[in-house]
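Colleague: Sharing a structure with you now.
The values are calculated or read from the model by the stated rules, or taken from the named source; none is laboratory data. Not measured: the values here are computed from a predicted model. We place every Cβ from the backbone using ideal geometry, glycine too, and count neighbours over all the protein chains shown.
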Amino acid sequence: MSGGMAAPAPSPWQDALHVAALFARDPHGLGGVVLRALPGPVRDRWLAALRAALPVAMTLRRVPLNVADDRLLGGLDLAATLQAGRPVLQVGLLSEADGGVVLLAMAEQRAPGEVARLAAVLDSGVVALQRDGLERTLPARIGVVALDEGMAEEERTAPALADRLAFLVDLTAIGLREAADGPQATGLAVPVASVRAAEAVLEGLSAAALALGVFSLRAPLLALRAARAAAALAGRREVSTEDAALAARLVLAPRATRLPQEAPPPEAEAPPPEMESGPDGADRGDAPAELPTPEEPASETPGLEDIVLAAAQAAIPAGLLAELRLADGMRARARLAGAALRPRAALRGRPAGVRRGAWRAGARLHLVETLRAAAPWQTIRRPTIGQGAASDARIAVRPEDFRLRRFTRRARTTTIFVVDASGSAALHRLGEAKGAVELLLAQCYVRRDRVALIAFRGRTASLLLPPTASLLRARRSLAGLAGGGGTPLAAGIDAAVALADNVARAGDTPLVVLLTDGQANIAADGTPGRPAARLEAEAAARRARIAGVRVLLIDTAPKPQPLARSLATLLAAQYLPLPQADASQLSRAIAGASARRVA
Amino acid sequence: MAAPSPSVSPAPAAAPFPFAAIVGQEEMKLALLIAAVDPAVGGVFIYGDRGTGKSTAVRALAALLPGMRAIVGCRYNCDPAGRRGCDESCTVGAVVKSHLVPVPVVDLPLGATEDRVVGALDLEAALTRGVKAFEPGLLARANRGFLYIDEVNLLEDHLVDLLLDVAASGENVVEREGLSLRHPARFVLVGSGNPEEGELRPQLLDRFGLSVEVKTPQDLPTRIEVVRRRDAFEREPESFAAHWEKAGARLRRQIVAARARLPLTLVPDAALERAALLCMALGTDGLRGELTLVRAARALASLDGAESVGDAQLRRVAAAALRHRLRRNPLDEAGSTARVARAVDALFGA
């Protein structure tokens with residue numbers, strides 16, 4: 001079978017069954033499967049197929065959401081320890097599942113820390129346990145089925161995990177009728193370890209990965225293992241062209257970020273080129289030069305590389321690339337969000353485990369955990385308490401036993417007003433902005449949010465009000481805000497992004513409210529000139545979007561301008577023309593924008 | 001060189017991927033070698049794309065490093081030649097036996113509890129015999145070696161604070177369960193992470209002497225070579241390791257020679273001035289950047305076999321020593337490397 005003349009393209013369901021069969025041959029080597037599907041009969045059928053394909057003795061363990069470290073990795077079995085009078089290890093889920101497969105429920109909801117623990121276990125095949133006075137290295141050669149129940153585009157299995165799992169199976173579009181029984185295993189299978197792969201297979205898969213814009217080096221390696229598993233399944237000792245093509249289709253195609261031979265993406269409706277400067281996009285522009293050119297194999301039979309590539313390409317669903325660009329943008333956003341998720345030492349919010357620590361004022365003691373921590377030490381503490389007093393029934397708790405509740409706090413919102421105080425923005429606009437800031441501040445007392453104010457006029461932008469919840473301070477600095485002069489819009493945006501970044505680092509969620517008419521006329525270096533200033537403002541807007549800052553742009557021009565609207569597009573900002581805005585209208589709009597963020 | 005037996009940590013499931021077999025990523029490898037030659041450089045932070053062999057390189061370092069002499073029976077691997085050891089087995093002035101041990105490269109896994117990091121009462125001894133004995137933690141084991149934290153940006157805050165404190169003082173102070181002791185904990189902190197998973201706190205970032213950025217290689221021949229070697233390693237780890245043994249031994253000799261040469265390597269005033277000018281041009285905060293730059297350049301010079309530090313060495317380590325100390329420009333992450341390069345070109349001539 002060569003390239004194009006494959007029989008009717010296999011249906012997604014058949015592909016999904018293929019994945020189950022391949023994964024079952026080598027669960028640990030292939031890492032696993034991201035199974036994107038809502039719970040339901042189709043997913044159940046796939047899981048049943050997987051169970052049928054796995055050896056009978058192999059365990060399928062389910063890892064619940066928010067599993068604590070002592071269950072995931074292992075720890076001290078307190079009851080058994082006290083009974084036995086010596087430390088007894090409680091093995092965690094991951095090492096219990098050694099040699100088998102774990103089902104990761106709600107994989108898209110997993111916290112980064114949990115994902116990183118799993119990733120370390122997948123990489124090393126062992127659980128390195130350093131907990132509760134115990135030190136063990138426990139084997140955990142597992143495969144993972146990540147049950148991804150995300151519905152929205154940005155709800156996805158964490159990339160750190162998905163990168164380590166060979167397959168991505170999307171069952172969301174498969175109906176129950178299509179999900180009929182698939183082909184049964186032939187029984188000819190040979191051990192995966194005995195399968196050889198020619199150098200050409202390795203090179204072909206590597207080239208195909210690059211051509212599809214799959215940059216992680218784990219992908220071609222996983223594809224190679226998948227090809228071996230495919231050969232093993234068919235009873236071959238040598239990877240054939242079909243095996244390689246199948247591996248490319250199942251492993252590489254779902255990871256594709258571009259079509260082969262695609263010049264830098266067409267810019268018709270696509271986002272501007274700055275999107276390309278993502279973490280791995282730097283060289284995307286010139287990479288296609290190295291791709292296999294289509295006219296090359298005119299005389300020869302198509303090379304393995306082309307067959308592999310064609311197979312992968314055929315499996316890329318339409319619209320995937322648009323999705324990926326969207327995901328790129330989400331990733332930039334996630335960075336700030338990630339920082340915002342780690343507020344310091346919160347005393348309220350969602351419980352997030354316990355930690356050891358001094359019991360200071362305000363900290364909340366976790367009584368059960370504290371007693372657990374004290375329990376093993378009772379034998380050696382007993383002689384020191386009481387000295388013969390009737391204290392035998394008491395438990396000796398020492399300060400070092402104290403376990404405190406940890407909480408994750410709802411991140412506060414810090415609204416950063418960036419006000420165009422130039423001559424072109426009519427002076428009364430400034431008054432409205434001042435009014436809106438004051439109104440918002442009044443609400444802050446209720447919501448415990450903060451505001452900051454940056455004004456740009458003349459040649460520079462200046463921070464008039466650092467993030468604060470103090471009404472008095474805000475009023476004072478607002479009173480001193482004068483208008484007039486040029487419009488250094490780029491400087492204003494840059495200052496806002498820098499402040500937003502600081503705010504996010506402090507654990508808050510920034511929201512930038514930009515009040516401008518979009519008429520920049522001062523460049524960043526302070527020199528006047530409309531065209532240069534405009535270009536710089538646009539560049540600043542793109543940087544802001546890359547930084548993932550959420551922006552609400554309020555057009556303050558008397559007649560809404562295309563200038564401000566295009567700026568809003570560049571910023572990926574919500575656009576709001578407010579020709580007759582008054583302060584209360586303005587503050588309602590802002591409250592709406594921050595509420596939308598939370599929703 | 002006697003082959004060090006991996007007795008320091010429980011033997012991992014398989015031999016690590018050989019350091020010499022890592023394709024490309026020259027800056028990362030160089031930074032690790034520099035830290036191996038002169039631990040005073042102060043740690044390495046490796047950040048960048050997934051699947052680029054960050055943890056592979058650090059774990060490979062253990063097998064590469066030449067052994068070190070340590071006092072027999074000392075749980076902190078104290079140096080027989082050191083001025084002072086820990087306060088238990090190795091008292092100053094006593095005649096002690098020493099033996100050759102591998103340099104510890106200790107993994108601090110996510111999910112480790114504080115008692116295992118700092119050390120605590122030995123639970124077994126307490127339960128079975130009712131004895132208070134100190135069970136050293138990972139910090140003790142890492143003394144005179146390397147402490148590696150993968151995904152360091154995800155480490156719990158209270159552990160980070162603790163590590164910062166110990167790394168700064170070189171000493172671990174334990175006060176718990178009526179135990180009160182201190183022991184040396186001088187180690188090279190090596191962290192790796194992916195900036196997409198959350199950023200590092202600036203205090204921790206500043207604690208690393210060098211920071212290197214790893215990127216996925218984009219050219220096909222390199223990528224094929226990476227996949228080929230990794231695949232060969234996974235299929236036949238022993239013969240793969242044997243194949244690279246010679247290259248590894250060469251690197252090891254290079255480290256040994258560089259360590260011996262390090263005290264003799266001169267740092268001319270001109271080089272000091274260059275380093276100062278570079279830091280001024282970049283506006284780095286504090287003196288730490290300058291100091292690290294000079295130290296790293298000196299370690300590199302001794303690796304190169306050069307007699308004194310010259311522009312060539314400063315140029316090569318400038319980015320690693322300074323990029324994480326620039327006044328933060330949140331607008332472009334890649335920009336800090338470019339800014340250092342620009343300043344270097346301006347100062348040394350392109």
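Colleague: Can you name the residue in region A:137-158 that is at pLDDT below 90 and either charged (D, E, K, R) or crowded, with 22+ Cβ neighbours inside 10 Å (or both) and is also nearest to the chain's Cα centre (by Cα) among such residues?
Modeller: Of everything passing the filter in region A:137-158, A:Ala158 is nearest to the chain's Cα centre (by Cα).
Colleague: Identify the residue in region B:185-199 that is more than 8 Å from chain A (Cβ to nearest Cβ) and surrounded by 22 or more Cβ atoms within 10 Å (Cβ to Cβ) and, among all such residues, is farthest from A:Leu202 (Cα to Cα).
Modeller: Filtering first and then ranking leaves B:Ala185.
Colleague: Something else about it: Looking at this structure, is B:Gly53 under 24 Å from B:Arg323 (Cα atoms) and within 14 Å of chain A (Cβ to nearest Cβ)?
Modeller: Here the answer is yes, as B:Gly53 does meet what is asked.
Colleague: Is it the case that some residue within region B:33-42 is touching a residue at least 60 places away in the same chain (Cβ under 8 Å) and part of a strand (DSSP E or B)?
Modeller: Scanning region B:33-42, I find no residue that is touching a residue at least 60 places away in the same chain (Cβ under 8 Å) and part of a strand (DSSP E or B), so the answer is no.
Colleague: Could you give every pair whose Cβ atoms fall below 6 Å, whose first residue belongs to region A:391-404 and is surrounded by fewer than 17 Cβ atoms within 10 Å (Cβ to Cβ), and whose second residue is assigned to a loop (DSSP other than H, G, I, E, B) and at pLDDT below 80, counting only separations of at least 6 or pairs across chains?
Modeller: Pairs found: A:Ser391/A:Ile385; A:Ala396/A:Ile385.
Colleague: Now, a different point. Quick check on my filter: what residues within region B:220-250 are farther than 16 Å from A:Arg196 by Cβ and either charged (D, E, K, R) or touching a strand residue (DSSP E or B) at 6+ places or on another chain (Cβ under 8 Å) (or both)?
Modeller: Answer for region B:220-250, where residues must be farther than 16 Å from A:Arg196 by Cβ and either charged (D, E, K, R) or touching a strand residue (DSSP E or B) at 6+ places or on another chain (Cβ under 8 Å) (or both): B:Arg223, B:Glu225, B:Arg229, B:Arg230, B:Glu238, B:Glu245, B:Lys246, B:Arg250.
Colleague: Is there a residue being crowded, with 23+ Cβ neighbours inside 10 Å, among the hydrophobic types (A, V, I, L, M, F, W, C) and modelled with pLDDT of 80 or more anywhere in region B:48-57?
Modeller: So far as region B:48-57 goes, yes, one or more of its residues are crowded, with 23+ Cβ neighbours inside 10 Å, among the hydrophobic types (A, V, I, L, M, F, W, C) and modelled with pLDDT of 80 or more.
Colleague: Out of B:Asp150, B:Asp157, B:Asp107, B:Asp122, which single residue is surrounded by 16 or more Cβ atoms within 10 Å (Cβ to Cβ), among the acidic types (Asp, Glu), facing chain A (nearest Cβ under 8 Å) and without any contact (Cβ under 8 Å) to a residue 60 or more places away in the chain?
Modeller: B:Asp122
Colleague: With the checklist (1) at pLDDT 80 or above; (2) within 18 Å of A:Ala500 (Cα to Cα) in hand, flag the one item A:Thr468 doesn't pass.
Modeller: Of (1) at pLDDT 80 or above; (2) within 18 Å of A:Ala500 (Cα to Cα), only one is false for A:Thr468: (1).
Colleague: Which of the residues spanning region B:305-328 are touching a helix residue (DSSP H, G or I) at 6+ places or on another chain (Cβ under 6 Å), at pLDDT below 85 and in a loop (DSSP other than H, G, I, E, B)?
Modeller: B:Leu326
Colleague: Sticking with this structure for a sec: Going residue by residue through region A:54-64, is there one that turns out to be within 11 Å of chain B (Cβ to nearest Cβ), closer than 30 Å to A:Ala21 by Cα and surrounded by 15 or more Cβ atoms within 10 Å (Cβ to Cβ)?
Modeller: For region A:54-64, residues within 11 Å of chain B (Cβ to nearest Cβ), closer than 30 Å to A:Ala21 by Cα and surrounded by 15 or more Cβ atoms within 10 Å (Cβ to Cβ): absent.
Colleague: Just to be sure, is A:Ala49 within 14 Å of chain B (Cβ to nearest Cβ) and part of a helix (DSSP H, G or I)?
Modeller: No, not satisfied.
Colleague: Mind listing just one residue for me: the one in region A:546-580 that is small (Gly, Ala, Ser) and more than 23 Å from A:Thr413 (Cα to Cα) and, of those, modelled with the highest pLDDT?
Modeller: A:Ser566
Colleague: Now for a different question. Taking the options A:Leu103, A:Leu134, A:Leu89, name whichever one is under 16 Å from A:His28 (Cβ atoms), crowded, with 18+ Cβ neighbours inside 10 Å and touching a residue at least 40 places away in the same chain (Cβ under 8 Å).
Modeller: A:Leu103
Colleague: Can you name the residue in region A:113-131 that is surrounded by 22 or more Cβ atoms within 10 Å (Cβ to Cβ) and within 14 Å of the chain's Cα centre (by Cα) and is also nearest to the other protein chains (Cβ to nearest Cβ) among such residues?
Modeller: A:Ala116
Colleague: Separate question: Enumerate the pairs (first residue in region B:203-222 and within 14 Å of B:Thr284 (Cβ to Cβ) and within 14 Å of another protein chain (Cβ to nearest Cβ); second residue anywhere and assigned to a loop (DSSP other than H, G, I, E, B) and of a type in the set (Phe, Trp, Tyr)) with beta-carbon separation below 8 Å, excluding pairs fewer than 6 apart on the same chain, so at least 6 apart or on different chains.
Modeller: Once the first residue is within 14 Å of B:Thr284 (Cβ to Cβ) and within 14 Å of another protein chain (Cβ to nearest Cβ) and sits in region B:203-222, no partner that is assigned to a loop (DSSP other than H, G, I, E, B) and of a type in the set (Phe, Trp, Tyr) comes close enough.
Colleague: Further, regarding this structure: Counting only residues that are hydrophobic (A, V, I, L, M, F, W, C), give me the helices (runs of 4 or more DSSP H) lying completely in region A:55-108 with at least 3 of them.
Modeller: It comes to A:78-84.
Colleague: Looking only at residues in region B:125-147 that are at the interface with chain A (Cβ under 7 Å from one of its Cβ atoms) and part of a helix (DSSP H, G or I), which one is nearest to A:Leu82 (Cα to Cα)?
Modeller: So the residue we want is B:Leu127.
Colleague: Looking at the structure I just gave you, is A:Ala80 closer than 20 Å to B:Leu123 by Cα, buried (at least 22 other Cβ atoms within 10 Å of the Cβ), of a type in the set (Gly, Ala, Ser) and within 12 Å of chain B (Cβ to nearest Cβ)?
Modeller: Against the criterion (closer than 20 Å to B:Leu123 by Cα, buried (at least 22 other Cβ atoms within 10 Å of the Cβ), of a type in the set (Gly, Ala, Ser) and within 12 Å of chain B (Cβ to nearest Cβ)), A:Ala80 does not qualify.
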